[in-house]
Amino acid sequence: MRPYNIFVFLILLCSVLLAGCVHPLAKPPVDAQAFQRLANNQILVNLPDADIEELEYIISAIAKEYSLVQVTSWPIAMLGIHCYVVAVKDDVSPNLVLSRLLLDPRVESVQPMYTFEVMSTEVAAMTMAAAYDDPYLQLQHGIQSSHVERAHRYATGKGVSVAVIDSGVDTKHLDLQGRIKKNKNFVTSNNSDGDIHGTAVAGVIAAKAGNREGIVGVAPDVSILALKACWQKKQGDGEAVCSSFTLAKAINFALKEAVHVINMSLSGPKDPLLTRLIQKALASGIVVVAAKNSNDAKSVFPASVPGVIGVSEDILSPATPGASGTLPAPGRDILTTVPKNSYDFLSGSSLAAAHVTGIVSLLLEQRPQLSQRQIQQLLYESVRIDNNDDAPNKGMAIVDACKAITSLLKLIDCH
């Protein structure tokens, strides 16, 4: 073998050996199972934004000093920081590392890698075939109960952009084609077409009207930014899990795109980094709608952030609609889009939040300069008792889309 060929061979051999020596903790998770296995040992270390070489020098020194492994990183220009995901080795206590990093002057802020769950329950046993047209509107009791059809005489969401931060959306679904303005993936899994939860949320908000396909969205003319920040737990399952890091990237993208509304049909523990980004969104005039987990007092974030419109399915006491600070909306047995041009019934505050996001879009079409506070007031004042005989929770409190928009336009009534 010639000397030149030997040299090339040695270079290639070294490259292979070095690639095989990458620490397993340094590999970003490829799916929900991998993320959940690694999340407990991951930490977010935020450094003040600086020259990338200086940042790499600092994070390398920190990693060596605290026995950490770098996983990935990403600049968050909106907050003036550079976020690093690092993993704590098995023989090191994450809590101990956190407490030490909090005192490190090189670090802007530090926190655990929190996990978040999307807020929908089981899919009903009945799965509808494809190619249903708008006559299935009669099965959308939520649309009927909150008088969405009547509201459509005044607005359909035209000109309003909504960021759906969720699992992926099946952009090929016939009832969503033309509604998806942008489709971005912030997790390492590349396929979104089979993601149930994000597709269902998008359908409640934006399914086409009058296209002889399936159902009608609450705001059928909005533009959706489908921002995949959650891993679907398994194929054919509506459950999904998200991380502090992936959600931060999605919110930051929504900020840069200057969307009108952010929908977060998920919940989890209070997260400092996400709180800062959400507050930035609110200060920028973006309306943020989030599902509220009524069953777990420790998992009410991001609905708990002041200014965020927290939504739960219509299960509040009729005597005190909206008194808890939570907006009630249809969330039981909601017919919506699922992958592969199909439709199904889902339940949970995820669907209720999506319903409210649709109503917010109707209001913003008519009055783009409405503040978050004005929108909240219109929504809370529209809450009434649901007397729809077909509703799963007849007699419970519910937001009324038509009442909200006629109040905005100062019309006498919507009938």
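The values are calculated or read from the model by the stated rules, or taken from the named source; none is laboratory data. This structure is a prediction, so every number in the text was calculated from the model and none was measured. Don't worry about glycine lacking a Cβ; one is built from the backbone with ideal geometry, like all the others, and counts go over all protein chains shown.
Among residues of the stretch 235-269 being in a loop (DSSP other than H, G, I, E, B) and at pLDDT 95 or above, the one that is farthest from residue 337 (Cα to Cα) is 258. Here the condition is being modelled with pLDDT under 95, under 25 Å from residue 285 (Cβ atoms) and over 21 Å from the mean Cα position of the chain (by Cα); of 409, 327, 370, it holds for 409 alone.
The sole residue among 357, 406 that is among the β-branched types (Val, Ile, Thr) and within 14 Å of residue 142 (Cβ to Cβ) is 357. Kindly check whether there is at least one residue in the stretch 262-273 that is at positive phi, of a type outside the set (Phe, Trp, Tyr) and more than 15 Å from the chain's Cα centre (by Cα). Within the stretch 262-273 (the criterion being at positive phi, of a type outside the set (Phe, Trp, Tyr) and more than 15 Å from the chain's Cα centre (by Cα)), the answer is no, since none of the residues qualifies.
When you scan the stretch 210-224, do you find a residue that is in contact with a strand residue (DSSP E or B) (Cβ under 6 Å, 6 or more places away or on another chain) and surrounded by fewer than 24 Cβ atoms within 10 Å (Cβ to Cβ), even just one? The answer is yes; a qualifying residue exists. Just one of the numbered conditions (1) over 20 Å from residue 161 (Cβ atoms); (2) of a type in the set (Gly, Ala, Ser); (3) surrounded by fewer than 24 Cβ atoms within 10 Å (Cβ to Cβ) is not true of residue 240: (3). All of (1) more than 20 Å from residue 234 (Cα to Cα); (2) at pLDDT below 95 hold for residue 182 with one exception: (2). Sub-6 Å Cβ pairs linking a first residue in the stretch 216-235 that is over 12 Å from residue 178 (Cα atoms) and in the same structural domain as residue 33 (by TED's automatic domain parsing) to a second residue that is of a type outside the set (Gly, Ala, Ser) and buried (at least 22 other Cβ atoms within 10 Å of the Cβ), at least 6 apart or interchain, number zero. One residue is enough: does the stretch 190-197 have a residue meeting the conditions assigned by TED's automatic domain parsing to the domain that holds residue 350 and part of a helix (DSSP H, G or I)? There is at least one residue in the stretch 190-197 that is assigned by TED's automatic domain parsing to the domain that holds residue 350 and part of a helix (DSSP H, G or I). Remark: residue 47 matches the filter, which requires a residue to be outside any helix (DSSP H, G or I), modelled with pLDDT of 60 or more and among the hydrophobic types (A, V, I, L, M, F, W, C). Give the residues of the stretch 385-414 that are surrounded by fewer than 19 Cβ atoms within 10 Å (Cβ to Cβ) and out of contact with any helix residue (DSSP H, G or I) (no Cβ under 7 Å at 6 or more places or on another chain), sorted by residue number. Of everything in the stretch 385-414, those that are surrounded by fewer than 19 Cβ atoms within 10 Å (Cβ to Cβ) and out of contact with any helix residue (DSSP H, G or I) (no Cβ under 7 Å at 6 or more places or on another chain) turn out to be 385, 387, 389, 394, 395, 410, 411, 412. Checking the stretch 162-178 against the condition returns no match, with no residue being surrounded by fewer than 24 Cβ atoms within 10 Å (Cβ to Cβ), farther than 19 Å from residue 250 by Cβ and in contact with a helix residue (DSSP H, G or I) (Cβ under 9 Å, 6 or more places away or on another chain).
Within the stretch 275-302, restricting attention to residues that are modelled with pLDDT of 95 or more and assigned to a loop (DSSP other than H, G, I, E, B), the residue that is farthest from residue 201 (Cα to Cα) is 284.
Here's the yes/no breakdown for (1) charged (D, E, K, R); (2) in a helix (DSSP H, G or I):
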{"position": "174", "(1), (2)": "no, no"}
{"position": "182", "(1), (2)": "yes, no"}
{"position": "188", "(1), (2)": "no, no"}
{"position": "204", "(1), (2)": "no, yes"}
{"position": "208", "(1), (2)": "yes, no"}
{"position": "219", "(1), (2)": "no, no"}
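Within the stretch 142-161, being out of contact with any Pro (no Cβ under 7 Å at 6 or more places or on another chain) and either of a type outside the set (Gly, Ala, Ser) or farther than 24 Å from residue 180 by Cβ (or both) holds for 143, 144, 147, 148, 149, 150, 152, 153, 154, 158, 160.
Looking across the stretch 332-387, the residues that are within 30 Å of residue 212 (Cα to Cα), polar (S, T, N, Q) and not in a helix (DSSP H, G or I) come down to 336, 337, 341, 342, 347, 387.
Checked against the criteria, residue 146 does not count as crowded, with 20+ Cβ neighbours inside 10 Å and at pLDDT below 90. Just checking, which of 371, 349 is small (Gly, Ala, Ser), touching a residue at least 12 places away in the same chain (Cβ under 8 Å), in the same structural domain as residue 155 (by TED's automatic domain parsing) and under 14 Å from residue 238 (Cβ atoms)? Of the residues listed, the single one that is small (Gly, Ala, Ser), touching a residue at least 12 places away in the same chain (Cβ under 8 Å), in the same structural domain as residue 155 (by TED's automatic domain parsing) and under 14 Å from residue 238 (Cβ atoms) is 349.
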